[in-house]
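No value in this document is a laboratory result; all are computed from the given coordinates. None of the values given here were measured: they were computed from a predicted structure. Neighbour counts are summed over all protein chains in view; Cβ atoms, including those assigned to glycine, are modelled from backbone coordinates with ideal geometry.
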Amino acid sequence: MKIGVVSDTHRMTRFMDKAVPYLEECDLIIHAGDNYIDARYLYDATGVNVLAVVGNCDWDDAEDELFFEAGGKKFFVCHGDRYDVKYGTNMLQTKAERMGADVAVFGHSHVTHIETVNGILYINPGSMALPRGGSDRGFVILDIKEGKINVKEIKI
């Protein structure tokens, strides 16, 4: 199973359009917020189901956290602002461990972060639109095969 992971697209369709050829090959897309409405844009452009949460720049009345299973792995998705991810992932780690997640997806900082801690894969794909901290514009594709997750960073 291939899962595209995006965040912080901020309604900048010119950058999302560059990601479409990669994302349309996925089985699922996860959008970690800012801007929630972009999940609909990505669905319309790719035809791939998009699961999304709202971020601190969103005004939509939608979920701010999701917990679901895909590819045999348990995913916890949030934007990250409520877990102070700009200052570290300690609060996020506590929540992900308590939820029994295999993968925790977040955004907010606009900085790419890929790390495994205590068996949980933490992924911030950075921002397609407004990268920070030396990160490139991009996103991540997870390829789950035989219980293993391969992480591929895509720069656009």
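Using the Cβ-Cβ distance between Arg82 and Glu25 with R0 set to 35 Å, the FRET efficiency from 1/(1 + (r/R0)^6) comes to roughly 0.65.
Based on DSSP, what percent of beta bridges with both residues in the chain are antiparallel, to the nearest 5?
Working: 24 of 37 bridges.
Antiparallel bridges make up about 65 percent of those DSSP assigns within the chain.
With the cut-off at under 15 Å, measuring from each backbone N in segment 24-49 to a point 7 Å along the Cα-to-Cβ line of Glu146 picks out no residue. Give me the base-10 log of I(q)/I(0) for segment 116-156 at each q in 0.21, 0.27, 0.33, 0.35 Å⁻¹, Debye formula, one uniform scatterer per Cα, rounded to two decimals. With no solvent term, the Cα-only Debye profile gives -0.72, -0.94, -1.11, -1.16. For Lys86, the aspartates and glutamates whose Cα falls under 16 Å of its own Cα, not counting residues fewer than eight places away in the same chain, are Asp8, Asp34, Glu115.
Please list the equivalent ellipsoid semi-axes of the chain, computed as the square roots of five times the alpha-carbon gyration tensor eigenvalues, in descending order and whole angstrom.
Values: eigenvalues 83, 63, 43 Å².
Its equivalent ellipsoid spans semi-axes of 20, 18, 15 Å.
Inter-label distance, Tyr43 to Met91: 2.9 nm, where each label sits 7 Å from its Cα along the C-beta direction.
Charge tally for Ala70 (other residues, Cβ to Cβ under 14 Å; Lys, Arg +1; Asp, Glu -1): 0.
When the chain is treated as a Gaussian network with alpha carbon springs shorter than 10 Å, the biggest mean-square fluctuation among Phe67, Phe75, Phe106 belongs to Phe67.
Does segment 67-156 come out rounded, prolate or oblate by the C-alpha gyration tensor, with a ≥ b ≥ c the root eigenvalues, rounded set by a/c under 1.5 and, if not, prolate when a/b is larger than b/c and oblate if not?
On the way: a/c = 2.13, a/b = 1.19, b/c = 1.79.
Oblate shape, in that a/c is at least 1.5 and b/c is the bigger or equal ratio.
Specify the inter-centroid distance of segment 1-28 and segment 92-135, based on alpha-carbon positions, in whole Å. Measuring centre to centre over Cα atoms gives 17 Å.
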